[in-house]
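Taking it in order: structure first as structure tokens, then the write-up.
The values are calculated or read from the model by the stated rules, or taken from the named source; none is laboratory data. As the structure is a computational prediction, the values presented were derived from the model and not from experiment. As a convention, Cβ positions derive from the backbone with ideal geometry for all residues, glycine included, and neighbour counts pool all protein chains shown. Each accessible area value is taken on the protein alone, full model and side chains, heavy atoms only, with ligands, DNA and RNA left out. Shrake-Rupley method; radii C 1.70, N 1.55, O 1.52, S 1.80 Å.
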Amino acid sequence: MDEKLLNLLQEKPFVLPALFFKSYKQLGLTDQEFLLTLHIHQLLEEGIKLPSPAMLSARMSTDENEISSILRQLLRKGLLEIKEQPGSSASMIQEEMTLQPLYRKMAEQAGQPAESESRKQSEMEEGRLFQRFEEEFGRPLSSIEMEMISMWLDEDKHSCELIQSALKEAVISSKLNFRYIDRILFEWKRKGVKTPDQVRRVSEEVRHQRKGIQAPPVKAARPHPGYNWLEGGNS
């Protein structure tokens, strides 16, 4: 067998995450920079710690000056780094090229879609929550009512699921008003109620306690923004 062919067959395969090919544009790499990083990656795999513009140019249809310019661009973008490492003796310092900054940014970017998807999911749940209130009330919500729901979500940190449970409780009790729902959420928070199972248990306890007894007027847990509790209407 030909010796050169044998050596070629024994070479390590070129391996790079598919994510790199899918996301290099979002990383801010041009096609030319992308191709150059592939060659840098391969030379590093071959044990060449500091590929020179001449070495890179020999593998590409780009002259050394252009290669040097692209390398500087990659360094400025923070996608390439040249580190100083101790040499064979204490007095020697060796420079090594690394694509670690590029891989780090790839990892960061890979995490962003998940966060974005989570945020998108949260926004969808909140949208459905507002829609559910409008369906139960049979009308569009006023700006004050929407602000109240936002307060439950942002300030009180109630989940959409818990607020919907409070809305359901108000419907069952035939007391469909924001004052009553606010009181329910206030009581649940005081008792540490957060899950549907806890809601069911507490609701059953309250119903058993009030069975056959008329419930006293509900006192507001806190003032509704812009709501006149004495008059029972908006101020």
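Just a few scattered comments:
- Calculated from backbone phi, Karplus (6.51, -1.76, 1.60) coupling profile of segment 184-194 in Hz, x at Gly/Pro: 4, 4, 4, 5, 5, 5, 4, 8, x, 7, 9
- Two-site FRET efficiency, Asp63 against Glu84, from Cβ-Cβ distance with R₀ of 22 Å, rounded to 0.05: 0.20
- Residues Asp156 and Glu108, FRET efficiency given R0 of 25 Å [Cβ-Cβ distance, rounded to 0.05]: 0.15
- Cross-link check: pairs Lys22/Lys157; Lys120/Lys175; Lys25/Lys120 evaluated at a Cα-Cα cut-off of 27 Å; pairs beyond the cut-off: Lys22/Lys157; Lys120/Lys175.
- The listed residues Glu64, Glu187 rank as Glu64, Glu187 when sorted by accessible area, largest first, using a 1.4 Å probe.
- The calculated FRET efficiency for Ser143 paired with Glu205, based on their beta-carbon distance and R0 = 41 Å, is about 0.70.
- Computed with a 1.4 Å probe over protein heavy atoms only, the accessible area of Asp63 comes to about 90 Å².
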